[in-house]
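Here is the structure we will look at.
The values are calculated or read from the model by the stated rules, or taken from the named source; none is laboratory data. Here the structure is a predicted model, which means the values were calculated and not measured. Neighbour counts run over all protein chains shown; Cβ positions are idealised from the backbone, glycine included. The accessibility values were calculated without ligands, DNA or RNA, using every heavy atom of the protein model including side chains. Shrake-Rupley method; radii C 1.70, N 1.55, O 1.52, S 1.80 Å.
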Amino acid sequence: MRIFTRRNGDLYEKQGIIFDMDGTLWDSAANVAESWNEAIRQDGRLNKALTEADIKGVMGKTMDVIAKLLFPEISEKEQETLLAECCRIENDYLREHGGVLYPDLEDTFKELKKTYELYIVSNCQKGYIEAFLDHYHFWDYFSDIECYGNNLLQKGDNIRLLADRNHLDEAVYVGDIQGDYDASRKAGVGFIHAAYGFGIVPEAQYKIQSFSELVTKRVAETYFRGLI
């Protein structure tokens, strides 16, 4: 049985757009590097400084994998401890300072929200999405969020989890890297490639060259019409 909901008295199928974070909604790499370097300095076990490029190189991966890639000099237990402190300081830093939003983000949210339910799913730590929503006061645009840090599930599993618990009839994931496309396939939802982001996705049928094209070029509308 298909599920319907009401908006302004009209019945419509419940359609959701689920967003990736990094490389899709914003670029936080510079401020993440700054916050993680502060955590490394406070910890004192490593004599190294991470760069923006280092952070961009691991974005999209789960936090346990990131720890292994960025802190190979220390034991797994030490990696876990340092990672936890990096994430704590990062969340506080981003809540205060934010990152670099892609152009026309809020205006596009406003237009999309008139027709679709909006969501976020990321491989990030718990508190990262919340810091983004807190800093920019974006909470009202989103119906639900989910991340790896909440339940240690992979992105494809979390996309499916979020779609199911929100009773979505149709959903599309907007992301920028191959892993996002693979996760959408695993979750059984559609995919729109944010081609302005960090990655190349040759198989993507739907692409946007700027975030606003979801509305200005009717890419979201075209996608959902294609499913009918």
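See the values below:
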| read-out | value |
| --- | --- |
| Taking the chain and dividing mean pair separation by its residue count, relative contact order in percent (alpha carbons under 8 Å, at least six apart) | 24 |
| Separation of the TYR196 and VAL100 label points, Cα + 7 Å toward Cβ, nm | 1.2 |
| Cα-projected label distance for GLU203 with GLU80, points at 7 Å along beta-carbon direction, nm | 3.4 |
| Per-peptide average of other Cβ atoms within 10 Å, ordering 120-130, 162-172, 29-39 highest first | 120-130, 29-39, 162-172 |
| Rg/Rh ratio calculated on Cα atoms of the chain (Kirkwood radius) | 0.99 |
| Computed FRET value (nearest 0.05) for SER210 with GLU111, which takes r as the C-beta separation and R₀ as 22 Å | 0.95 |
| Radius ratio Rg over Rh of segment 1-134, counting only Cα atoms, Kirkwood formula for Rh | 1.10 |
| Note, ³J(HN,Hα) from phi for segment 48-55, Karplus 6.51, -1.76, 1.60, rounded to Hz, x at Gly and Pro | 8, 10, 7, 9, 4, 5, 4, 5 |
| Using distinct alpha-carbon pairs, which all enter the 1/r mean, Kirkwood radius of segment 92-199 in Å | 14.5 |
| Rounded accessible area per residue of segment 1-139, 1.4 Å, Å² | 48 |
| Note, ³J(HN,Hα) from phi for segment 113-122, Karplus 6.51, -1.76, 1.60, rounded to Hz, x at Gly and Pro | 5, 5, 10, 10, 7, 10, 9, 9, 10, 9 |
| Residue pairs, from the table LYS110/LYS186; LYS114/LYS217; LYS110/LYS217; LYS48/LYS77, whose Cα atoms sit over 22 Å apart | LYS110/LYS186 |
| Largest to smallest principal axis extent of the C-alpha atoms in segment 137-212, angstrom | 30, 30, 26 |
| FRET efficiency for ASP64 and ALA30, using Cβ-Cβ distance with R0 set to 22 Å, rounded to 0.05 | 0.40 |
| For segment 179-193, 3J(HN,Hα) per residue [Karplus equation, 6.51 cos²θ - 1.76 cosθ + 1.60, θ = phi - 60°, Hz, x = Gly/Pro] | x, 5, 4, 4, 5, 5, 5, 4, 7, x, 10, x, 8, 10, 7 |
| ALA49 versus HIS137: modelled label distance in nm, points set 7 Å from Cα along the beta carbon direction | 3.6 |
| Net charge dipole size for the chain [Lys, Arg +1 and Asp, Glu -1 on Cβ; Debye, nearest 20] | 660 |
| Heavy-atom accessible surface of the chain: percent carbon and sulfur, 1.4 Å | 49 |
